[in-house]
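J.: Take a look at this one; I'll ask things after.
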Amino acid sequence: MSEEGNRVSKRPIPSTLTRADLLKLGGLGAAGLLAGGAWAAAARGGASSGLSAAVPTRVGRAAAPAAADRFLQVAATDGYMALPGRPAYPDPDVYVFGFVHVDADATVNELDVFKGKVQQPAPIIGIVDEDDVYWTMTNIGLVVRPDLDDSHTIHFHGFPNASAIFDGVPEVSIAVPVGRSFPYYYKPHRAGTFMYHCHFEDVEHIQMGMQGVVYVRPDSPYKWAYDDSATAFDRQFAVHLTEVWTTPHDNLEAIQETIWSDYEANYWTINGRCYPDTLKPNNDPSLPSQPLSALIQVNAGDRVLLRFINLGYESQAMQLPGIAMTVVGEDASRLRNSSGLGTVDLSYETSTIYIGPGEARDVLFTAPDFVSPGLTDPGNGKSYNRYWLRNRNVHRLTNDGYAGLGGQVTEVRVYNPSAPLGAQTHPNQTYPEFSPPQIPGTSPPAYYKNPWIVF
């Protein structure tokens with residue numbers, strides 16, 4: 001079942017794509033202008049430029065039931081993000097590109113209200129093993145730099161696509177120009193934590209913010225990270241690590257060139273926020289373009305899954321002093337080995353999560369017992385114990401050198417079992433949690449979408 005607020009398209013989806021049509025479409029490559037529009041029209045059931053309606057199916061496999069068809073859509077645009085030490089939003093802050101969560105069957109014209117309303121980072125996307133996933137990306141253009149006609153793509157990083165056309169690498173896939181949509185198709189065959197990003201001018205576009213977490217969960221009634229009861233959990237949290245070098249952001253806004261070999265990050269973020277903003281709840285009104293919290297709130301005794309990804313250009317080392325962590329998966333693969341002697345569990349306990357660029361880690365820990373009296377949470381009045389999740393490199397615990405603690409720091413709050421938190425209904429849930437704000441000046445009122453799309 002989709003999360004509340006996610007609209008599942010009811011449009012009928014055509015079901016045939018000939019080999020000739022696929023070769024014809026693939027041959028158009030990065031040009032994308034005609035192919036992207038034709039493919040999008042076919043997937044929507046509309047007219048195409050001589051192309052058959054396009055929905056691939058696995059050879060020799062029966063079509064999946066309708067309940068297993070998942071539809072989602074993101075729009076590519078620009079906007080600003082707030083970083084401590086910079087001017088406060090909505091004054092000019094750090095210029096970024098990114099994706100925003102929109103209704104699954106919205107047209108290009110219907111998405112005009114989302115221009116300039118970027119989400120940082122891109123929404124968490126949670127899908128189910130063996131489901132058919134139709135993921136549309138619409139390029140609605142830029143507000144601050146309308147002179148730029150940059151195309152965009154989605155690259156499902158580490159995902160074994162059956163066809164290169166859905167891989168998002170523009171040389172062998174489709175680059176989506178402004179004003180067009182492209183529906184990607186995925187059929188996941190294994191669980192794990194992945195990531196996604198734009199692969200068009202990727203050095204610039206990834207640094208500018210076009211990146212997010214995507215995970216695949218087992219088709220199971222249980223909360224398992226993998227198809228293995230040893231990976232069971234009560235609560236899960238995406239921990240999206242990256243760093244920001246503000247120079248190219250400022251240069252791009254000012255129509256200036258950047259020498260990328262001079263790369264030198266000056267901010268380090270978790271879920272698009274720097275400390276102390278990492279502790280603010282989801283959809284906090286002070287961070288309209290950074291709706292995803294990095295705060296980890298759990299009950300004593302909870303089994304907690306942390307889905308780490310690193311989409312920066314630097315390796316990171318994250319520590320959780322006082323709580324032992326067990327790494328059960330790396331790069332969307334369960335850490336185990338099968339041989340003639342049986343299955344060997346290769347999970348390992350550690351105090352530090354080492355994670356390089358483009359890598360993912362699935363980490364479990366058990367929340368310690370609550371120790372009275374504890375601290376009082378100003379947001380919900382409950383008592384809790386505090387543990388720090390932070391980068392072990394002190395130079396990454398700062399916000400551009402300004403005084404005080406900053407950077408890649410957040411808290412794990414373990415609450416008193418006498419007044420526990422309610423069950424988690426979506427990843428990274430916060431207590432309290434705000435609803436997405438209305439976009440001013442729209443009629444009928446339009447709203448920012450929640451920072452997760454979970455099936």
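J.: Among the numbered conditions (1) under 25 Å from Trp224 (Cβ atoms); (2) in a strand (DSSP E or B); (3) hydrophobic (A, V, I, L, M, F, W, C), tell me where Phe159 comes up short.
T.: It is condition (2) that Phe159 fails.
J.: With the checklist (1) over 21 Å from the mean Cα position of the chain (by Cα); (2) modelled with pLDDT of 95 or more; (3) small (Gly, Ala, Ser) in hand, flag the one item Gly407 doesn't pass.
T.: (1)
J.: Which of the residues spanning the range 280-312 are under 22 Å from Ser333 (Cα atoms) and surrounded by fewer than 19 Cβ atoms within 10 Å (Cβ to Cβ)?
T.: If the condition is that a residue be under 22 Å from Ser333 (Cα atoms) and surrounded by fewer than 19 Cβ atoms within 10 Å (Cβ to Cβ), then Arg303 is the only one that fits.
J.: Scanning the range 173-223 for residues that are surrounded by 24 or more Cβ atoms within 10 Å (Cβ to Cβ) and among the β-branched types (Val, Ile, Thr), which turns out nearest to His152 (Cα to Cα)?
T.: Step by step, filter the range 173-223, then rank; the result is Val176.
J.: Any chance you could count how many residues in the range 311-349 are assigned to a loop (DSSP other than H, G, I, E, B), charged (D, E, K, R) and modelled with pLDDT under 95?
T.: Summing the residues that are assigned to a loop (DSSP other than H, G, I, E, B), charged (D, E, K, R) and modelled with pLDDT under 95 in the range 311-349 gives 0.
J.: Pull out all pairs, ordered by first then second residue, where Cβ-Cβ is under 6 Å, the residues are six or more apart or on different chains, the first lies in the range 165-177 and is under 15 Å from Glu201 (Cβ atoms), and the second is β-branched (Val, Ile, Thr) and part of a loop (DSSP other than H, G, I, E, B).
T.: Close Cβ pairs (under 6 Å, with a partner that is β-branched (Val, Ile, Thr) and part of a loop (DSSP other than H, G, I, E, B)) amount to Gly168/Thr153; Gly168/Ile154; Pro170/Thr153; Ala175/Thr153.
J.: Restricting the search to the range 93-120, which residues are surrounded by fewer than 18 Cβ atoms within 10 Å (Cβ to Cβ) and without any contact (Cβ under 8 Å) to a residue 24 or more places away in the chain?
T.: If the condition is that a residue be surrounded by fewer than 18 Cβ atoms within 10 Å (Cβ to Cβ) and without any contact (Cβ under 8 Å) to a residue 24 or more places away in the chain, then Thr107, Asn109, Glu110 are the ones that fit.
J.: Still on this structure, please answer the following. Across the range 310-337, what is the total count of residues that are under 18 Å from Phe237 (Cβ atoms) and not β-branched (Val, Ile, Thr)?
T.: 13
J.: Same structure, new question: Do you know which of the residues in the range 222-254 that are hydroxyl-bearing (Ser, Thr, Tyr) and in contact with a helix residue (DSSP H, G or I) (Cβ under 8 Å, 6 or more places away or on another chain) is farthest from Tyr196 (Cα to Cα)?
T.: Only one residue fits best here, namely Tyr222.
J.: Related question: Condition test on Met81, is it closer than 20 Å to Asn283 by Cα and not hydroxyl-bearing (Ser, Thr, Tyr)?
T.: yes
J.: Any residue in the range 445-453 that is charged (D, E, K, R), closer than 19 Å to Ala294 by Cα and in a loop (DSSP other than H, G, I, E, B)?
T.: Yes, some residue in the range 445-453 is charged (D, E, K, R), closer than 19 Å to Ala294 by Cα and in a loop (DSSP other than H, G, I, E, B).
J.: Return the pairs, sorted by first residue and then second, in which the second residue is at pLDDT 95 or above and not in a loop (DSSP other than H, G, I, E, B), the first residue lies in the range 282-301 and is on the phi > 0 side of the Ramachandran plot, the beta carbons are less than 8 Å apart, and the residues are 6+ apart or on different chains.
T.: Gly301/Thr366
Rundown of residues vs (1) surrounded by 12 or more Cβ atoms within 10 Å (Cβ to Cβ); (2) closer than 28 Å to Asp202 by Cβ, yes/no style:
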{"residue": "Ser351", "(1), (2)": "yes, no"}
{"residue": "Arg361", "(1), (2)": "yes, yes"}
{"residue": "Val371", "(1), (2)": "no, no"}
{"residue": "Gly374", "(1), (2)": "yes, no"}
{"residue": "Asn380", "(1), (2)": "yes, no"}
{"residue": "Phe434", "(1), (2)": "yes, no"}
{"residue": "Pro437", "(1), (2)": "yes, no"}
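J.: If a residue has to be touching a Ser or Thr at 6+ places or on another chain (Cβ under 9 Å) and either surrounded by fewer than 16 Cβ atoms within 10 Å (Cβ to Cβ) or modelled with pLDDT under 95 (or both) to count, how many in the range 389-404 make the cut?
T.: Total satisfying the criteria: 2.
J.: Going through the range 83-127 one residue at a time, which ones are basic (Lys, Arg) and at pLDDT 90 or above?
T.: Selection gives Lys115, Lys117.
J.: I'm trying to understand the selection: among the residues of the range 417-432, which are farther than 14 Å from Phe237 by Cα and buried (at least 18 other Cβ atoms within 10 Å of the Cβ)?
T.: The one that is farther than 14 Å from Phe237 by Cα and buried (at least 18 other Cβ atoms within 10 Å of the Cβ): Leu421.
J.: Follow-up. List the residue pairs whose Cβ atoms are under 6 Å apart, where the first residue sits in the range 364-387 and is over 26 Å from Val328 (Cα atoms), the second is of a type in the set (A, V, I, L, M) and surrounded by fewer than 17 Cβ atoms within 10 Å (Cβ to Cβ), and the two are 6 or more positions apart or on different chains.
T.: If the second residue must be of a type in the set (A, V, I, L, M) and surrounded by fewer than 17 Cβ atoms within 10 Å (Cβ to Cβ), the pairs left are Lys382/Ala419; Tyr384/Leu375.
J.: Please go through the range 388-419 and pick out each residue that is outside any loop (DSSP other than H, G, I, E, B) and either of a type in the set (Phe, Trp, Tyr) or touching a residue at least 24 places away in the same chain (Cβ under 8 Å) (or both).
T.: Once the filter is applied, which keeps residues that are outside any loop (DSSP other than H, G, I, E, B) and either of a type in the set (Phe, Trp, Tyr) or touching a residue at least 24 places away in the same chain (Cβ under 8 Å) (or both), the range 388-419 yields Trp388, Leu389, Arg390, Asn391, Arg396, Val409, Thr410, Glu411, Val412, Arg413, Val414, Tyr415.
The values are calculated or read from the model by the stated rules, or taken from the named source; none is laboratory data. These numbers were taken from a predicted model, which means no experiment stands behind them. Ideal geometry is used to build each Cβ from the backbone, glycine not excepted, and the neighbour counts take in all protein chains shown.
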